[in-house]
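Since every read-out is calculated from the coordinates, none of them should be taken as a lab result. It should be emphasised that the depicted structure is a prediction, and the values quoted were computed from it without experimental measurement. No Cβ is skipped: glycine too gets one built from the backbone with ideal geometry, and neighbour counts run over all protein chains shown.
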Amino acid sequence: MRNFLIIGLCLSLLGCATSSEKIVKPFVEPQYGMTKLQMIGLLGKPDSIEIYKKSDQTRVEFYIYVRKYGSSQDKVPVCLIDQKIVGWGKTFYEDHVSTDDIRIK
């Protein structure tokens, strides 16, 4: 009987120990040409998504991941065109988003 009480107490304490923090996968650099599904499998779900339509009607999608370094963090946009990775990083984002682009999302 005593063992059942100890097991019950342990299980009830274990139930209280769950954390509501988001599990953050470490950022691993993707590879050019990866599909969106491969990217999500490698990096996990993005923190945000931005989608633009260029003047030539090209749809450009940026999946933005937050990379953490100790107490600081950095946003890393990964760019997809036609469901394939074509580049990533802050500089790539700044070079490929202009004021002429229409933001869809």
Next item on the list: Let me know the charge dipole size of the range 21-105 about its Cα centre in debye, to the nearest 20, where only the beta-carbon of Lys, Arg (+1) and Asp, Glu (-1) is charged.
Entry: 320
Note to self: I need the phi-derived Karplus couplings for the range 91-103: 6.51 cos²θ - 1.76 cosθ + 1.60, θ = phi - 60°, integer Hz, Gly and Pro marked x.
What the structure shows: 5, 4, 4, 4, 6, 10, 10, 10, 5, 7, 6, 9, 7
Next item on the list: Kindly write out, for the range 33-50 in residue order, the coupling ³J(HN,Hα) from the Karplus curve 6.51 cos²θ - 1.76 cosθ + 1.60 (θ = phi - 60°), rounded to whole Hz, with x marking Gly and Pro.
Entry: x, 4, 7, 4, 5, 5, 5, 5, x, 7, 9, x, 6, x, 6, 7, 9, 10
Checklist line | Simple spin-label estimate for Tyr32 and Asp47 in nanometres, 7 Å along Cα-Cβ | finding: 2.7
Notebook entry, point to check: Asp47's amide H: which non-local residues (gap 5+, or another chain) put their own amide H closer than 5 Å, with H modeled 1.01 Å from N in plane and none for Pro or chain starts?
Noted result: Ile64, Tyr65, Val66
